[in-house]
Amino acid sequence: MAEIILKATNISKAFAGVQALKNVNLTIHKGEIHCLAGENGSGKSTLIKIISGVYEPDEGLIEIGGKVYSRLTPMEAIDRGIQIIYQDLSIFPNLTVAENIALNLELSGKRKLIDWKRVKQIAKEAIDKIGFKINLDEKVENLSVAEKQLIAISRALLNNAKIIIMDEPTTALTKKEVAALFNIIKNLQSQGISILFVSHKLDEVFEISEKITILRNGQNVISGEAANFDNDLFVYYMTGRKFKETHFEAESRKGTPLLKVENLSLKNGFKDISFELYAGEILGITGLLGSGRTELALSLFGLLPADSGKIYIDGNIVKINSVQDAIKNKMGYVPEDRLTEGLFMPQSIGRNIIISNIKELLNKNGFMNENKIQKCIDEWIKKLGIVTPSQNLPVQTLSGGNQQRVVLAKWLSMHPRILILNGPTVGVDIGSKYDIHQILRNLAAQGIGIIIISDDIPEVLFNCNRILIMRKGRIINEVMGKDVTEEELAYQMAAEA
Amino acid sequence: MKGFNLRHLINQDSNLLRLFIMLFVVFTIMSAVKPHLFLKSDNFISMAYQFPEYGVLSIAMMLSMLTGGVDLSIVGVSNLSGILTAIMLSKMIPQDAAPGYILFMIILAVLMALAVGTLCGLFNGFVISKIGVPAILATLGSMQLFTGIALVLTNGRIVTGIPIMYSNLGNTAVWGILPVPLILYILSAIVISSLLSKTSFGLELYMMGTNPTASRFSGINNTKVTMLTYMTSGILAAVAGLIVVARTNSAKADFGTSYTLQTVLISLLGGVNPNGGFGTVAGVTVAILILQFLSSGFNMFPSISNFIKDLIWGLVLILVMVFNYYSNKYAQKRAISKRSKEFAQKTM
Amino acid sequence: GTAKKAEESTGQSSQQASDQQKPAESKKWKIATVVKDASNPWFVRMEQGVKKFASDTGLEAFMKGPSKADAALQVQVIEDLIAQGVDALCVVPVSPEALEPVLKKAMDKGIVVVTHEASNQQNTMYDIEAFDNNAYGAFIMDNLAKAMNYEGKYVTMVGLLTMKSHNEWADAGIARQKEKYPKMELVPEQKIESEDNQEVAYERAKEIMKKYPDLKGIMGTSSKDAPGAAKAIEEMGKIGKVFTAGSSLVSVAGKFLESGSLSTITFWDPADAGYAMNALAKLILEGKKDQIKDGLNLGVKGYENLKLKGKVLVGEGWVAVTKENMKDYNF
Amino acid sequence: MKKLLRTNEFYIFLILLLLCVFIQIQSGQFFTRNNIVDMLRAMIVPGIFSIGVLMVLVSGGIDVSFTAIALLSMYAATRLLMIWHYEGNVILAFIISGAIGLFLGLINAALIAFFDLPTLIVTLGTSSIFTGFMQGVLHSREISDIPKTMINFSKIDLIRVYNAKLGISSGLPAVFLILVGLIIIAWFILNYTMLGRGIYALGGDRIAAQRAGFNIIKIQFFIYSFVGFISGIAGMTRTIMMANLHPTNLMGMELTVIASVVLGGTRITGGHGTITGTMLGVALVTIMSNSLILMGIPTFWQKFFTGVLILIGTGVSAYQSMKQKNTLHGVEIDEKELEKV
Ligand SMILES: Nc1ncnc2c1ncn2[C@@H]1O[C@H](COP(=O)(O)OP(=O)(O)OP(=O)(O)O)[C@@H](O)[C@H]1O
Ligand SMILES: Nc1ncnc2c1ncn2[C@@H]1O[C@H](COP(=O)(O)OP(=O)(O)OP(=O)(O)O)[C@@H](O)[C@H]1O
Ligand SMILES: [Mg+2]
Ligand SMILES: [Mg+2]
């Protein structure tokens, strides 16, 4: 057995009111690819932050390369070869690509001055390593999420890392990019570098990891060779539940379509988009990053009004030039990035739920009706199974899965007829993901028209009865969910025209 | 009236509780040191005359700070509307006018002042939300603009000759204990606090102040909310202007210029988050009272110069904030130990 | 002097209905002097007069003022003093009109009110003026005209357009020029604002001298105007070509008088004015109102032979200081 | 070229140029050596302040206490020299004033870094404390007879130009070099040191900066004590330039300086801002407020015009950046008609 490179023993950590970790152990060997799994809020991120010195553990020891620490500073962790790619990427939007990549290295090298030539040189080498092309002088705030993620990865690869920790590294990556990343990971492994990563995507976990550690409620459940697990077992350890994925079948389409889009075009966004959505359908729109899928979603929801084309609802032509127009037409939109676009993190869960529906919750005299509001909040917390001691707590105290449910609740509380979801389960654990999918299916059954925009292929495949494939701003094909395989779908998304 | 239940309010907001403690401490110290002066009813009535003008301005400031901005133009708006009122009241009422006519003109002038406040506020809101100028710059510019108009209108001179009927409003107390300016303050406070806590506009304002992107994605019309907020701030500034005109029997382009930063200070002490999204009228009101107690208290010591007041005021602000810091930490620790005990029991 | 004071107080306190039950010898009137802005050296100087009065008479006389010359703040200071029950208020208003209501309130409560620099004040018992504003403005103009040899372009400078006395002096100065010095010419700017700030006065003076290369005079009213303009004259190498005269204090303007960039400064001693106000208030408190008439002597230089016009007592004028006599003044 | 059009500095420069040309047309007096020197002179104090403000704003904070710091340190330093009857080199005046400013800045820094308090609250509070201390405890007053060494230094000119036509000479005082020196230092720190990049990083994403290994507390300590130091220097500079000490004249200037810096393209939300932009912003505001007479704007209209100019100046650049933000450039559309797969 290879030497132990990191060993965390009996780690405990509590936050205001939450015991996040209780006597957790984790052992990583040299050159090992290790998966850390668990539901939302099970303590994965907290454990990672303790290993990397961001948090101080209440109890427990961390042993790195033979040295034992009761607490680490981030600098020490970096010095000892621990590199972390955070879920929120931890990059600087206001700095250039080159700086974002090179700064950490320069910092840990204790450099006081900046040599811009060197910085660019470092950055160039780093992005070359993962075969990624980008203007090094571009400000990162002008980049897409995937590009930002690649920057974070190239940055982590730079430091003389012994362990690279990735918290859900693949959420915003396309299949192709994931494959490239895995190649890089294997390459690193062959150089003796260990990888610890968190993922909620089963196929990825089994494709790449050698060992798996599973947490539940802040405690160890099991840790062992990946070969000893299978899908069902893995899911069971994680959630204590069993799931069965089935294809979603919509009722037969009839009457006028709920939503009809004709020749919608937006400069630098998409072109000649036409499709129909019937009540009770779940329509998938999939495509690679940069295919125009998000722009289309934003456009339908009035955030980026289209330049030309027509939108019909119930056969009547409508103008959607603002979110208010969209809401008037009973549309809801679950955005790509729940932290910045979907939620008001420091505000209460209750306020987040009612904000888009507040006009319905007023008295005749225009004041808010406290009873109605209370009822509405209670109803949706219960219906969507949001786990919280009180609706008055800020949303930021919830785990990712529960936060996503709050976003859903916000839109469902206004009783939408059309619900557009952009990446509805990004960063949500398997249990919650399954629950959210069930919620969507139930909604469809109640006659809501749903559009799921996602590049999570199994997600669209199983949950959408119809799938539109976008490429370079256009719809290139339409398939039925039950008629295609994952491979076909992936091929069509990516194939060069 | 469950909205005005004090216990309810305090429970909601631990910051408010701390402010009440602070108020109580100041009150106790002042009463202990100068009982024969501070505890006189005259003193309280006098204070009730003094704070409404900057109190109303503080509420205006709070509103703009809830959006995450700031409104440096409130004093300019207040003077401009005051001047227009004063000009109207002094130039358009003949010497021998009947009381009924004077009253009519006063009502007209008040309405005009409110309209001016509305316009000024809308102008600010427009520049901030439609053109995208940061609030601090937009209102700094409009402050000069409004004061500039006031200067041009008056050539810098004071406007006087306001009918006694109007200035009596600023200097009489209903039943001998409720000064009219105080009544105006209380009215403004009630209206704004209901606006914030009971209407959808209030909720939208808090949410937009917290995260403008999310609010856009949630269907809030940010432009509209911003315009309405600065408009309300402008109206309140006009109300303050009307109080000042009545209190001083005159209007001038540079009255109360020191109120600008003072109202920011009050808002911050009152628990308004400078980044937007959090703050209540109740908090601001307690902060105003703390300032007024301190200020009137210090005027009772001939040997203490007014500058010491600045010093104490700054100290109070910072002490309250540091105190907040520690008590939040303490509350956190307590919660943790409670939770870990529960956790231990659960897992046993 | 203690015995005499006690005697005086005993004599008067019977007139104060509310004070009758108090033992006579403990009666010490509380006289508050409220100024525009307590940090201004002008009023710092005034406080010396107030203190001198307090120690001369043994009364509780003190000075208060807002930290900025702002009428709204001044009203609040006065409100507080009324609430504390002072016996007399000696007020130098930031803006007389703005104080009318609050001073009325004070008088309604039986507080003695005396003002200074507020000849149009309604709600006051007496207003003391060191001099007549129009005459003073004209006098500054006379000084400037003499320095300019009675010819050439000039401009006036005021602290703020909203400061009443400055504007009155400037207007009076302009009127004097129109009347007596026909060869002098006012430039179209007429009044420039110095924001009562020496540096601004300096910048504005430079700007106006650039705009009018043939400008010959700058008449200052605020105590910062003439020194600021003098510094500009000095720096631009215009000594002997451009002249300035105005209100100021020797402590601020002395070096410019010395260098010749400033011709004449005029002022009255704020300490004396402070003393005089308090002395007048005491007189009223003592019930000696009958003594207040033409020729009243308050025992302070310049206030020994006051003229009474209505409610306004006008003193004996101002002091003009040039390079020659500047040594005589230490403030 | 395209990149130039995207920078904020470009628009401010354009507005500045327009303003100068307008003044020139109105008065014929703008582009004279005299006037340029005068404008540079007038920029010294706001220029020095703006460097500190830039750093604070870039780091995501705000400081409104710098004028109070400037006044207190300048006042205390001058009084000390007077008590000591100091006659030596004027450098000491700057050192003492700078040191007191540094100390006052450290108070801000400690409150901000250790208690994690919002910067606006802290600096508004300390600003009130500092002025209260100066006026209430030190009983500050105007001082005209400042130490000889300071007066003598105020008379040293770097350049003196003479305009024969107007018969006017204008001097650029030696303290201009302080501004130049500080600009160079700040420019170097911001662009060529890890510390400087840390300031940008802190303003861009505080948590990310912490994770990257920047010592946030150290950086904040640097920023606020540097601002304190700079303010102490600015206060002394101002007193020396006027050869007269006035304890309150700088009050209220903080908003104008912050406005100039923001006008120069620095974002009030942190992370963005350059020295060039800042100096352009300061130049714009200084030139505007010192040319109203030259422009021929009547005294009564000057405030009004100042407001209009600020609104136009900020409006143009704000509108530009808003338009830029709203244009898409994400998706590369296939313009050919595609055959379906
Ligand atoms: N800074 C914090 N303050 C308070 N509570 C926290 C904090 N960080 C984490 N927690 C709580 O600790 C628990 C574990 O959180 P952690 O982030 O480690 O979960 P996770 O396993 O990463 O979940 P996910 O799958 O959602 O990423 C959660 O209940 C969370 O609410
Ligand atoms: N500063 C914080 N204060 C309070 N709670 C926090 C804080 N940071 C994180 N949390 C909580 O920790 C939990 C996990 O947060 P984190 O950002 O790690 O997402 P996550 O657990 O990785 O989510 P997911 O797995 O769904 O992506 C959440 O409940 C979050 O609300
Ligand atoms: Mg996590
Ligand atoms: Mg996560």
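The values are calculated or read from the model by the stated rules, or taken from the named source; none is laboratory data. Keep in mind it's a predicted model, so treat the numbers as computed, not measured. All Cβ positions, even for glycine, are placed from backbone atoms using ideal geometry, and neighbour counts span all protein chains on display. Note: accessible area is taken over every heavy atom of the protein model, side chains too, but ligands, DNA and RNA are not part of it. Shrake-Rupley method; radii C 1.70, N 1.55, O 1.52, S 1.80 Å.
If we keep just the residues of region A:23-42 that are assigned to a strand (DSSP E or B) and within 11 Å of ligand 1 (Cβ to nearest atom), which is farthest from the other protein chains (Cβ to nearest Cβ)?
Here is the first cut: in region A:23-42, the ones assigned to a strand (DSSP E or B) are A:23-29, A:33-38.
Narrowing the set further to residues that are within 11 Å of ligand 1 (Cβ to nearest atom) leaves A:24, A:36-38.
On the way: A:24: 13, A:36: 18, A:37: 21, A:38: 17 Å.
Going through the qualifying residues, I end up with A:37.
A quick yes/no check of all residues on (1) within 14 Å of chain D (Cβ to nearest Cβ); (2) on the phi < 0 side of the Ramachandran plot; (3) away from ligand 1 (no atom under 16 Å from the Cβ):
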| position | (1), (2), (3) |
| --- | --- |
| A:143 | yes, yes, yes |
| A:163 | no, yes, yes |
| A:176 | no, yes, yes |
| A:194 | no, yes, yes |
| A:199 | no, yes, no |
| A:203 | no, yes, yes |
| A:206 | no, yes, yes |
| A:215 | no, yes, no |
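Which residue out of A:109, A:81 is over 22 Å from residue D:271 (Cα atoms), of a type outside the set (Ser, Thr, Tyr) and touching a residue at least 60 places away in the same chain (Cβ under 8 Å)?
None of the others qualify; the one that does is A:81.
Just give me the residues in region A:31-49 being within 15 Å of ligand 4 (Cβ to nearest atom), closer than 17 Å to residue A:164 by Cβ and either among the β-branched types (Val, Ile, Thr) or free of Cβ contacts under 8 Å to residues at least 12 places away in the same chain (or both), in sequence order.
Result: A:48, A:49.
Of all residues in region D:145-170, how many are open to solvent by 10 Å² or more (accessible area, probe 1.4 Å) and either among the small types (Gly, Ala, Ser) or within 14 Å of chain B (Cβ to nearest Cβ) (or both)?
Qualifying residue count, region D:145-170: 4.
For residue A:57, only one of the following conditions fails: (1) more than 12 Å from every other protein chain (Cβ to nearest Cβ); (2) more than 16 Å from ligand 1 (Cβ to nearest atom). What is its number?
(2)
Having 2 or more residues that are open to solvent by 30 Å² or more (accessible area, probe 1.4 Å) and farther than 24 Å from residue A:425 by Cα is the bar; report the strands (runs of 3 or more DSSP E) wholly within region A:215-294 that clear it.
Filter on region A:215-294 gives A:219-225, A:259-266, A:270-277.
Does at least one position in region A:92-113 carry a residue that is assigned to a helix (DSSP H, G or I), more than 20 Å from residue A:162 (Cα to Cα), away from ligand 1 (no atom under 16 Å from the Cβ) and out of contact with any Leu (no Cβ under 6 Å at 6 or more places or on another chain)? Write out each step before concluding.
The first filter runs over region A:92-113 and keeps only residues assigned to a helix (DSSP H, G or I), leaving A:97-108.
Imposing the further condition that a residue be more than 20 Å from residue A:162 (Cα to Cα) reduces the set to A:97-100.
Filter once more, so that each one left must be away from ligand 1 (no atom under 16 Å from the Cβ): A:97-100.
Of the ones still in play, those that are also out of contact with any Leu (no Cβ under 6 Å at 6 or more places or on another chain) are A:99-100.
Within region A:92-113, one or more residues are assigned to a helix (DSSP H, G or I), more than 20 Å from residue A:162 (Cα to Cα), away from ligand 1 (no atom under 16 Å from the Cβ) and out of contact with any Leu (no Cβ under 6 Å at 6 or more places or on another chain).
If residue C:51 satisfies every condition in (1) free of Cβ contacts under 8 Å to residues at least 24 places away in the same chain; (2) more than 7 Å from every other protein chain (Cβ to nearest Cβ); (3) in contact with a Gly (Cβ under 8 Å, 6 or more places away or on another chain) but one, which is the exception?
(3)
Can you confirm whether residue A:402 is more than 14 Å from every other protein chain (Cβ to nearest Cβ) and within 16 Å of ligand 2 (Cβ to nearest atom)?
Numbers: more than 14 Å from every other protein chain (Cβ to nearest Cβ): yes; within 16 Å of ligand 2 (Cβ to nearest atom): yes.
So residue A:402 passes the test.
Any idea which residue in region D:108-128 is nearest to the other protein chains (Cβ to nearest Cβ), counting only those that are in contact (Cβ under 8 Å) with a residue 60 or more places away in the chain and among the β-branched types (Val, Ile, Thr)?
So, considering only residues that are in contact (Cβ under 8 Å) with a residue 60 or more places away in the chain and among the β-branched types (Val, Ile, Thr), the one nearest to the other protein chains (Cβ to nearest Cβ) is D:126.
Quick one: what pairs do we get from region D:296-307, first residue within 14 Å of residue B:154 (Cβ to Cβ) and in a helix (DSSP H, G or I), second among the hydrophobic types (A, V, I, L, M, F, W, C) and open to solvent by 30 Å² or more (accessible area, probe 1.4 Å), C-beta under 7 Å, 6+ apart or different chains?
Final answer for the pair search is D:300/B:152; D:301/B:152; D:304/B:149; D:304/B:152.
In the list A:195, A:184, A:164, A:151, which residue meets the criterion of being away from ligand 2 (no atom under 16 Å from the Cβ), in a helix (DSSP H, G or I) and buried (at least 21 other Cβ atoms within 10 Å of the Cβ)?
A:151
Just to check your reading of the model, which residue among A:122, A:130 is more than 10 Å from every other protein chain (Cβ to nearest Cβ) and modelled with pLDDT of 85 or more?
A:122 is the lone residue from the list that is more than 10 Å from every other protein chain (Cβ to nearest Cβ) and modelled with pLDDT of 85 or more.
Collect the residues in region D:178-216 that are under 21 Å from residue A:117 (Cα atoms), within 7 Å of chain A (Cβ to nearest Cβ) and open to solvent by 10 Å² or more (accessible area, probe 1.4 Å), keeping them in residue-number order.
Passing the criteria: D:192, D:193, D:194, D:197, D:200.
Kindly provide the set of residues from region A:411-442 that are part of a helix (DSSP H, G or I) and either in contact (Cβ under 8 Å) with a residue 60 or more places away in the chain or within 11 Å of ligand 2 (Cβ to nearest atom) (or both), ordered by number.
Listed by number, the residues that qualify are A:411, A:412, A:430, A:431, A:432, A:433, A:434, A:440, A:441.
I'd like to check something: does region A:66-82 contain any residue that is under 24 Å from the mean Cα position of the chain (by Cα) and either under 18 Å from residue A:171 (Cα atoms) or within 16 Å of ligand 4 (Cβ to nearest atom) (or both)?
No, region A:66-82 contains no residue that is under 24 Å from the mean Cα position of the chain (by Cα) and either under 18 Å from residue A:171 (Cα atoms) or within 16 Å of ligand 4 (Cβ to nearest atom) (or both).
When region C:248-288 is examined, which residues are found to be open to solvent by less than 10 Å² (accessible area, probe 1.4 Å) and of a type in the set (S, T, N, Q)?
C:248, C:261, C:266, C:278 - these are the residues of region C:248-288 that are open to solvent by less than 10 Å² (accessible area, probe 1.4 Å) and of a type in the set (S, T, N, Q).
If residue A:45 satisfies all but one of (1) more than 16 Å from ligand 3 (Cβ to nearest atom); (2) more than 9 Å from chain D (Cβ to nearest Cβ); (3) open to solvent by 10 Å² or more (accessible area, probe 1.4 Å), what's the number of the condition it fails?
All conditions are met except number (1).
Tell me which residues, restricted to region A:396-410, are within 14 Å of ligand 4 (Cβ to nearest atom), open to solvent by 10 Å² or more (accessible area, probe 1.4 Å) and outside any loop (DSSP other than H, G, I, E, B).
From region A:396-410, those within 14 Å of ligand 4 (Cβ to nearest atom) are A:396, A:398-404; that's our starting set.
Among the residues that remain, those that are also open to solvent by 10 Å² or more (accessible area, probe 1.4 Å) are: A:396, A:398-400, A:402-403.
Once the filter is applied, which keeps residues that are within 14 Å of ligand 4 (Cβ to nearest atom), open to solvent by 10 Å² or more (accessible area, probe 1.4 Å) and outside any loop (DSSP other than H, G, I, E, B), region A:396-410 yields A:396, A:400, A:402, A:403.
For region D:87-107, check the following and say yes or no: at least one residue is closer than 17 Å to residue D:227 by Cα, assigned to a helix (DSSP H, G or I) and within 14 Å of chain B (Cβ to nearest Cβ).
Yes, some residue in region D:87-107 is closer than 17 Å to residue D:227 by Cα, assigned to a helix (DSSP H, G or I) and within 14 Å of chain B (Cβ to nearest Cβ).
So which residues in region B:207-229 are within 7 Å of another protein chain (Cβ to nearest Cβ), open to solvent by 20 Å² or more (accessible area, probe 1.4 Å) and touching a residue at least 40 places away in the same chain (Cβ under 8 Å)?
B:210, B:211
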